[in-house]
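The values are calculated or read from the model by the stated rules, or taken from the named source; none is laboratory data. These figures come from a predicted structure and were not determined experimentally. Don't worry about glycine lacking a Cβ; one is built from the backbone with ideal geometry, like all the others, and counts go over all protein chains shown. Surface accessibility is based on the protein's heavy atoms, side chains included, excluding ligands, DNA and RNA. Shrake-Rupley method; radii C 1.70, N 1.55, O 1.52, S 1.80 Å.
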Amino acid sequence: MEYDYPAWAIGLQFVFMVISIVSMWKIFIKTNQPGWASIIPVYNTIIFLQIIRRPVWWIVLLLIPFVNVVIAIMMMSDFVKAARGSEPLEIIR
């Protein structure tokens, strides 16, 4: 089966991918983690869970449909709380 995706859709996907990698790389560097870890699929989730001080077994919860949405929201909430621990959202800058 052949797919014809418009060039702008592929370009937009590439832009979002680069933004995601750069932002995770900055977060990892600011938290004294290796920046290259942001481009390794499962390892970056393990490191992110360490940053927000959650157990690694939460990766299993991310594989369960509907539960993964709740866990992802909780992870982002924990990240914001962890970022406020130093200075308000200083970790993102």
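Here is a yes/no grid of residues against (1) open to solvent by 50 Å² or more (accessible area, probe 1.4 Å); (2) under 22 Å from Arg84 (Cβ atoms):
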site	(1), (2)
Ala7	yes, no
Phe14	yes, no
Ile19	yes, no
Lys26	yes, yes
Ala37	no, no
Phe48	no, yes
Leu61	no, no
Pro65	yes, no
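Determine if the range 73-80 includes at least one residue that is open to solvent by less than 40 Å² (accessible area, probe 1.4 Å), within 25 Å of Asn32 (Cβ to Cβ) and over 11 Å from the mean Cα position of the chain (by Cα). Yes; the residues of the range 73-80 include at least one that is open to solvent by less than 40 Å² (accessible area, probe 1.4 Å), within 25 Å of Asn32 (Cβ to Cβ) and over 11 Å from the mean Cα position of the chain (by Cα). The criterion of at least 3 residues that are at pLDDT below 90 is met by the following helices (runs of 4 or more DSSP H) wholly inside the chain: 7-30, 67-86.
Scan the range 28-35 and tell me whether some residue there is under 19 Å from Arg84 (Cβ atoms), open to solvent by 80 Å² or more (accessible area, probe 1.4 Å), touching a residue at least 60 places away in the same chain (Cβ under 8 Å) and of a type outside the set (Phe, Trp, Tyr). There is at least one residue in the range 28-35 that is under 19 Å from Arg84 (Cβ atoms), open to solvent by 80 Å² or more (accessible area, probe 1.4 Å), touching a residue at least 60 places away in the same chain (Cβ under 8 Å) and of a type outside the set (Phe, Trp, Tyr).
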